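All remarks here apply to the structure that follows.
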Amino acid sequence: MENLERLAYTATEAAQVASVSRPTIYRWMHLEGFPVAHIGGCTRIPAQAFKHWLNEQAGVNVDE
């Protein structure tokens, strides 16, 4: 299978990407403005929105 770019992360994958624990991701998921999508019975974190959110939290201004 090809190495496809992830469009969305599970909580576990997001924790790995951000180098934080899963409980931290679950806490963040309850913060206003945190990018989270509920699709059917699944909860996913859109990859690009998550990276943007992390940059905002760090005070980084990245032009897209």
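Throughout, read-outs are computed from the coordinates displayed, never taken from laboratory work. All of these numbers come straight from a predicted model, not from anything done at the bench. All Cβ positions, glycine included, derive from the backbone under ideal geometry; neighbour counts span all protein chains shown.
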Please specify each residue of segment 22-48 satisfying the condition of being assigned to a strand (DSSP E or B) and of a type in the set (Val, Ile, Thr). ILE39, THR43, ILE45
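Yes or no, residue by residue, for (1) of a type in the set (Asp, Glu); (2) surrounded by fewer than 10 Cβ atoms within 10 Å (Cβ to Cβ); (3) over 8 Å from the mean Cα position of the chain (by Cα); (4) at negative phi:
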residue: ARG6; (1), (2), (3), (4): no, no, yes, yes
residue: GLU13; (1), (2), (3), (4): yes, no, yes, yes
residue: THR24; (1), (2), (3), (4): no, no, yes, yes
residue: VAL36; (1), (2), (3), (4): no, no, no, yes
residue: GLY41; (1), (2), (3), (4): no, yes, yes, yes
residue: HIS52; (1), (2), (3), (4): no, no, yes, yes
residue: ASN55; (1), (2), (3), (4): no, no, yes, yes
residue: ALA58; (1), (2), (3), (4): no, yes, yes, yes
